[in-house]
1. If you check Leu204, Leu134, Leu187, Leu168, which single one turns out to be open to solvent by 20 Å² or more (accessible area, probe 1.4 Å), at pLDDT 95 or above and either part of a loop (DSSP other than H, G, I, E, B) or of a type outside the set (D, E, K, R) (or both)?
2. Quick check: is even one residue across segment 211-228 among the polar types (S, T, N, Q) and either modelled with pLDDT under 95 or open to solvent by less than 50 Å² (accessible area, probe 1.4 Å) (or both)?
3. Restricting the search to segment 60-78, which residues are assigned to a loop (DSSP other than H, G, I, E, B) and touching a helix residue (DSSP H, G or I) at 6+ places or on another chain (Cβ under 8 Å)?
4. Search segment 110-124 for residues that are part of a helix (DSSP H, G or I) and pair each with any residue that is among the β-branched types (Val, Ile, Thr) when their beta-carbon atoms are under 8 Å apart and the residues are at least 6 apart or on different chains.
5. Residue pairs, Cβ under 7 Å, 6 or more apart or interchain, first in segment 60-81 and of a type in the set (Asp, Glu), second open to solvent by less than 30 Å² (accessible area, probe 1.4 Å). List them.
6. Can you say whether Asn2 is polar (S, T, N, Q), part of a helix (DSSP H, G or I) and either touching a helix residue (DSSP H, G or I) at 6+ places or on another chain (Cβ under 6 Å) or open to solvent by 80 Å² or more (accessible area, probe 1.4 Å) (or both), as far as the supplied structure shows?
7. Is it true that some residue in segment 39-56 is part of a loop (DSSP other than H, G, I, E, B) and within 21 Å of Pro71 (Cβ to Cβ)?
8. For segment 5-23, what are the residues that are surrounded by 14 or more Cβ atoms within 10 Å (Cβ to Cβ) and of a type in the set (D, E, K, R)?
Amino acid sequence: KNPSAWCAQANLGWILAGQQKYEEARAHLEASLAIRPDNAQARSNLGRLLSLQGKFTDAEAQFQAALKLKPRDADIRSAYAAVLAEQGRKPEAIEQFRQALRLRPDTGMRLQLANLLCETRSFRDGMAEYRQVLAVQPDEPEALNNLAWLLATCGDASLRDGAEAVRLAEHACRLSGYGEAQPLGTLAAAYAEVGRFDEAVATLQKAGTLAMAAGDRRLAAICRQLLPLYHAGKPYHESVATDSK
């Protein structure tokens, strides 16, 4: 009845994108923007859609236009950061997440930032972000697991703290009822770091069994690789890397 209803066009476009009907979604988002070109959220949504289609150059143009319209919109910066990360442009993604967090603290965004920092081997900064997440959400399982893993296995010995790794990993395992492979694998690494090798072996064996039952062959293979190390009374440490600090 009203094809010029730009808001309805934009909302329908994003609903269709969620249904993976990308070409239909794009048509509605572009129709909305033809009517209301200053709709920053629609431009951001179009940018996300274009990135899903692998059209990263066009996606970036939409995000840049959205941020020109609303430079203090944390959600747009966060969405742009996620797309940059998908393209492997991690330093740029990190900067966008930092700017988004300055505009609006958010544990979800902070967790994504922490993960990116660790992927770029900025372990000290990443650990600091995980701690900030846990200060707000002490039961956040991904932050508990990832921080515990770093504390147990980081190649930089100055960043390792086996006792804290055990505490965090046990907390993560309690949250899952000791029924998930990944936190159990982290707990095994933490036990090994503090010299509790019998517990490390038993915990890693349970992690491997659960991983196989869940069809996670990659994690099961990692468990098999680490088991002889713990049997030999040696902890696992990542390869030594240069921290950003």
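1. The conditions single out Leu134.
2. no
3. Passing the criteria: Lys70, Arg72, Asp73.
4. As it stands, the answer is Arg110/Val133; Leu111/Val133; Leu113/Ile94; Ala114/Val133; Leu116/Ile94; Leu117/Ile94, since those pairs meet every condition given.
5. Short answer, once both residue conditions are applied: Asp73/Ala40.
6. For Asn2, the condition - polar (S, T, N, Q), part of a helix (DSSP H, G or I) and either touching a helix residue (DSSP H, G or I) at 6+ places or on another chain (Cβ under 6 Å) or open to solvent by 80 Å² or more (accessible area, probe 1.4 Å) (or both) - is not met.
7. Yes, that holds for at least one residue.
8. Within segment 5-23, Lys21 is the sole residue that qualifies.
The values are calculated or read from the model by the stated rules, or taken from the named source; none is laboratory data. Just so we're clear, the structure is a prediction, and the values are computed from it rather than from any experiment. We place every Cβ from the backbone using ideal geometry, glycine too, and count neighbours over all the protein chains shown. These accessible areas exclude ligands, DNA and RNA; they are computed on the full protein's heavy atoms, side chains included. Shrake-Rupley method; radii C 1.70, N 1.55, O 1.52, S 1.80 Å.
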